[in-house]
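The values are calculated or read from the model by the stated rules, or taken from the named source; none is laboratory data. Predicted model, so just to flag it, every value in this text is computed and none were measured. Cβ: placed from backbone, ideal geometry, glycine included. Neighbour counts: every protein chain shown.
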Amino acid sequence: MEVGLDEEQALLVGGAREFARSELLERDGKWDETAETVAEVLPQLAEMGFMNICIPQELGGLGCSYETYVRILHEIAYASPSTAVTLSVHNMVGNLLNSWATEPQRSEWLSRWGTVGSFSSFAVSEAGAGSDPASCTTRAVKVDGGWKINGEKMWITNGLSGSWFLTMARTAPKSEGKIFTAFMVRGDSPGLERQPIHGKMGVRGSETAVVSYDDVFCPDDHVVGPVGKGMQVAMSGLDGGRVGIAVQATGIAEACLDEMLSYARERKQFGQFIGRFQAIQTMIADSAVELAASKELILRAARRIDAGKVDPVASSMAKLFATEAANRIAYRAVQVHGGFGYVHDYRVEQLYRDARITTIYEGTSEIQRLVIARAVLGR
Ligand SMILES: Cc1cc2nc3c(=O)[nH]c(=O)nc-3n(C[C@H](O)[C@H](O)[C@H](O)COP(=O)(O)OP(=O)(O)OC[C@H]3O[C@@H](n4cnc5c(N)ncnc54)[C@H](O)[C@@H]3O)c2cc1C
């Protein structure tokens with residue numbers, strides 16, 4: 001994503017690349033093997049400013065545009081897809097608060113957003129409510145001075161170490177319609193419990209948890225956005241979040257392409273480098289084109305966010321194309337490596353597994369197509 005960088009962006013993106021390749025790349029393989037969490041590098045990520053990339057400078061953030069953010073995240077994803085999703089979710093919650101939080105909330109939460117103590121999760125999905133978040137059953141009931149939350153969220157990224165849970169809960173009986181509210185719930189609230197989800201196929205260094213709420217109290221001043229507008233709050237986060245997942249996919253895809261290129265240059269069969277075979281060249285060429293197209297769709301969506309013209313369709317297009325392309329590219333990367341691509345010693349084996357989740361979380365490819373088709377059909 002180097003094209004068109006100004007001097008400041010080039011410095012930030014170059015720093016991210018250097019940091020990611022020296023500090024994350026090797027650890028990422030270890031996290032994959034042991035399923036230990038990337039949380040061990042949170043202090044370094046905070047130090048680099050990667051926990052509050054788009055938060056305004058007056059609140060202590062880097063104050064970057066979304067375009068710069070995606071370029072930084074791309075470098076992280078190239079070296080560590082697990083760290084990329086961890087940061088993508090935390091930064092998404094920060095960006096969402098930057099849009100919806102009141103002045104007192106902004107100065108309480110966002111001024112510390114770059115610290116490990118603000119590490120955050122986005123808690124919308126439940127076992128029975130994935131693609132259809134409006135079927136969620138977690139409920140918040142009004143009590144004196146706040147709300148009592150009961151229910152269970154599933155698949156929550158950053159859910160083990162997270163200090164905050166941006167939680168969507170139903171705030172009126174189902175019979176009254178789809179009325180939800182967003183709450184910033186403290187991770188140390190009495191009644192809040194987290195359980196790790198084990199056995200993930202990929203992004204094994206990222207934390208995924210079941211989070212349960214048993215009469216968890218959330219004060220009135222921790223409601224985010226208007227009461228009853230929780231769905232709009234959560235969905236607005238996904239407009240940027242989906243671009244973040246597209247970037248995660250593109251980082252994986254670029255790493256796959258680089259692995260393909262080096263292998264094609266060193267592996268000989270029939271007395272010549274396999275890169276000389278047209279079939280291998282076709283896989284490389286198709287991957288290079290799809291990677292370039294993914295980056296353009298991502299930049300287009302990011303620039304719309306920067307222009308204040310948030311465009312959910314542009315975000316969905318970027319996510320749909322980049323994540324499906326990353327899976328095709330990862331498939332080819334394994335194919336180019338032959339049998340060696342099927343074993344863990346070669347990075348493509350892990351990248352192939354890491355790519356798989358990108359077409360699922362923050363809205364499956366089928367849901368992205370639904371968003372796009374509705375817009376194209378003019379509904
Ligand atoms: C590792 C991981 C991390 C995650 N992190 C988070 C997180 O931090 N916060 C959070 O809130 N959630 C998170 N999720 C949840 C994720 O967003 C959901 O898994 C996803 O939205 C899909 O929901 P589901 O798994 O319930 O599948 P379902 O919704 O049950 O879908 C099953 C299949 O049906 C298809 N389908 C469903 N509805 C339609 C439709 N209308 N038209 C066509 N096809 C349809 C889907 O595309 C899919 O193929 C995470 C999930 C995973 C696996």
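Yes/no per residue for (1) outside any helix (DSSP H, G or I); (2) surrounded by fewer than 24 Cβ atoms within 10 Å (Cβ to Cβ):
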residue: 165; (1), (2): yes, no
residue: 202; (1), (2): yes, yes
residue: 231; (1), (2): no, yes
residue: 239; (1), (2): no, yes
residue: 244; (1), (2): no, no
residue: 247; (1), (2): no, no
residue: 252; (1), (2): no, no
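What number of residues in the stretch 117-132 are among the hydroxyl-bearing types (Ser, Thr, Tyr) and either more than 12 Å from the ligand (Cβ to nearest atom) or part of a loop (DSSP other than H, G, I, E, B) (or both)?
Counting residues in the stretch 117-132 that are among the hydroxyl-bearing types (Ser, Thr, Tyr) and either more than 12 Å from the ligand (Cβ to nearest atom) or part of a loop (DSSP other than H, G, I, E, B) (or both) gives 3.
Filter the stretch 157-168 down to residues that are in contact with an Asp or Glu (Cβ under 7 Å, 6 or more places away or on another chain) and near the ligand (Cβ under 9 Å from one of its atoms) and give me whichever is nearest to residue 190 (Cα to Cα).
Within the stretch 157-168, the subset in contact with an Asp or Glu (Cβ under 7 Å, 6 or more places away or on another chain) is 157-161.
This time we only want the ones that are near the ligand (Cβ under 9 Å from one of its atoms), so: 157-159.
Working: 157: 21, 158: 19, 159: 16 Å.
Here the residue is 159.
Just the residues that are crowded, with 21+ Cβ neighbours inside 10 Å and of a type in the set (Gly, Ala, Ser), please, taken from the stretch 119-130.
120, 121, 123
Look at residue 82 and say whether it is free of Cβ contacts under 8 Å to residues at least 12 places away in the same chain, assigned to a helix (DSSP H, G or I), outside the structural domain of residue 244 (by TED's automatic domain parsing) and not acidic (Asp, Glu).
When the stated conditions are applied, residue 82 does not pass them.
Could you tell me whether residue 357 is β-branched (Val, Ile, Thr), within 16 Å of the ligand (Cβ to nearest atom) and closer than 19 Å to residue 32 by Cβ?
When the stated conditions are applied, residue 357 passes them.
Give the residue that is farthest from the ligand (Cβ to nearest atom), with candidates limited to residues of the stretch 133-156 that are crowded, with 22+ Cβ neighbours inside 10 Å and outside any loop (DSSP other than H, G, I, E, B).
147
Residue 343 is checked against (1) surrounded by fewer than 14 Cβ atoms within 10 Å (Cβ to Cβ); (2) more than 22 Å from residue 24 (Cα to Cα); (3) not charged (D, E, K, R) and fails just one. What number does that condition carry?
(2)
Residues are listed down the side, and each one gets a yes or a no for (1) more than 10 Å from the ligand (Cβ to nearest atom); (2) part of a helix (DSSP H, G or I); (3) touching a helix residue (DSSP H, G or I) at 6+ places or on another chain (Cβ under 6 Å):
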{"site": "344", "(1), (2), (3)": "yes, no, no"}
{"site": "349", "(1), (2), (3)": "yes, yes, no"}
{"site": "361", "(1), (2), (3)": "no, no, no"}
{"site": "368", "(1), (2), (3)": "no, yes, yes"}
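Inside the stretch 137-178, can you point out the residues that are aliphatic (A, V, I, L, M) and touching a strand residue (DSSP E or B) at 6+ places or on another chain (Cβ under 7 Å)?
Result: 140, 141, 149, 154, 156, 160, 166, 168, 169.
Given the conditions (1) closer than 23 Å to residue 78 by Cβ; (2) within 15 Å of the ligand (Cβ to nearest atom); (3) out of contact with any Ser or Thr (no Cβ under 9 Å at 6 or more places or on another chain), report the number of the one that residue 299 does not fulfil.
Looking at each condition in turn, residue 299 falls short on (2).
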